[in-house]
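The values are calculated or read from the model by the stated rules, or taken from the named source; none is laboratory data. Everything quoted here is computed from the prediction, not taken from an experiment. So basically every Cβ, Gly included, is an ideal-geometry build from the backbone, and we count neighbours across all protein chains shown. Note: areas computed on protein heavy atoms with side chains; ligands, DNA, RNA excluded. Shrake-Rupley method; radii C 1.70, N 1.55, O 1.52, S 1.80 Å.
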Amino acid sequence: NHPRERVSWFEAVAYCRWLSARLGIEVELPREEQWERASRGKEGRVYPWGEEYEAGRANVDETRGTVGRHDLGRTSAVGIYLEGATPEGVMDLSGNVWEWCQDEHEEQKRSRVLRGSSWISVPQFSRADYRARNPPDDRDSYVGFRLVCSSPHRPLPTGPLNNGHWGAGH
């Protein structure tokens, strides 16, 4: 139940295509604007949970600075930072792993946008508006992905898709 890490942008896109075919609905990486809208909400929050960084709300390295004492030094199970959820209930938009977006970085062509910060990031990088970039073939231990999908016209399957796991995503 940890996020999948060490996945290149190309591998994440391939997984989305496989899952789309398997489910019969469009599954893809979020566009950067979708990711930021989920994180900031209608209010334009600074952090997914509010206006200030609050210790213990994200799996980041809080020891680098004076904001907190938490540093797990690795990924954590998805969804355990309940206090870090958005008011709309979206989990893990700060910390754990940087998440690939569909978008190519406009200043560094052939790089892809990453959002959300990771377990090795300082808390300032977990702001909802902070963005990073990596080459699409990068497979770092602090990079993963999240999926978005269209609203299905039929119920999604309830059983496992692949050896008891729903997939490589967040």
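List of remarks:
- Residue in region 37-54 that is of a type outside the set (F, W, Y), in contact with a His (Cβ under 7 Å, 6 or more places away or on another chain) and under 25 Å from N134 (Cβ atoms) present: no
- Taking strands (runs of 3 or more DSSP E) as the structural unit, no element lying wholly within region 77-158 holds at least 3 residues that are out of contact with any Ser or Thr (no Cβ under 9 Å at 6 or more places or on another chain), open to solvent by less than 10 Å² (accessible area, probe 1.4 Å) and aliphatic (A, V, I, L, M).
- Test result for E5, surrounded by fewer than 18 Cβ atoms within 10 Å (Cβ to Cβ) and either touching a helix residue (DSSP H, G or I) at 6+ places or on another chain (Cβ under 7 Å) or acidic (D, E) (or both): no
- Flag if A14 is out of contact with any strand residue (DSSP E or B) (no Cβ under 7 Å at 6 or more places or on another chain) and either within 22 Å of D138 (Cα to Cα) or assigned to a strand (DSSP E or B) (or both): yes
- V13 vs. criteria under 12 Å from S94 (Cα atoms) and either modelled with pLDDT of 95 or more or surrounded by fewer than 17 Cβ atoms within 10 Å (Cβ to Cβ) (or both): no
- Being open to solvent by 80 Å² or more (accessible area, probe 1.4 Å), under 21 Å from V122 (Cβ atoms) and not in a helix (DSSP H, G or I) is a property that R64 has.
- Filtered residues of region 17-40 (kept if modelled with pLDDT of 95 or more, open to solvent by less than 30 Å² (accessible area, probe 1.4 Å) and part of a loop (DSSP other than H, G, I, E, B)): L29, P30
- Members of region 74-121 that are more than 16 Å from P3 (Cβ to Cβ) and without any contact (Cβ under 8 Å) to a residue 40 or more places away in the chain: L82, E83, G89, E104, H105, E106, E107, Q108, K109, R110, S111
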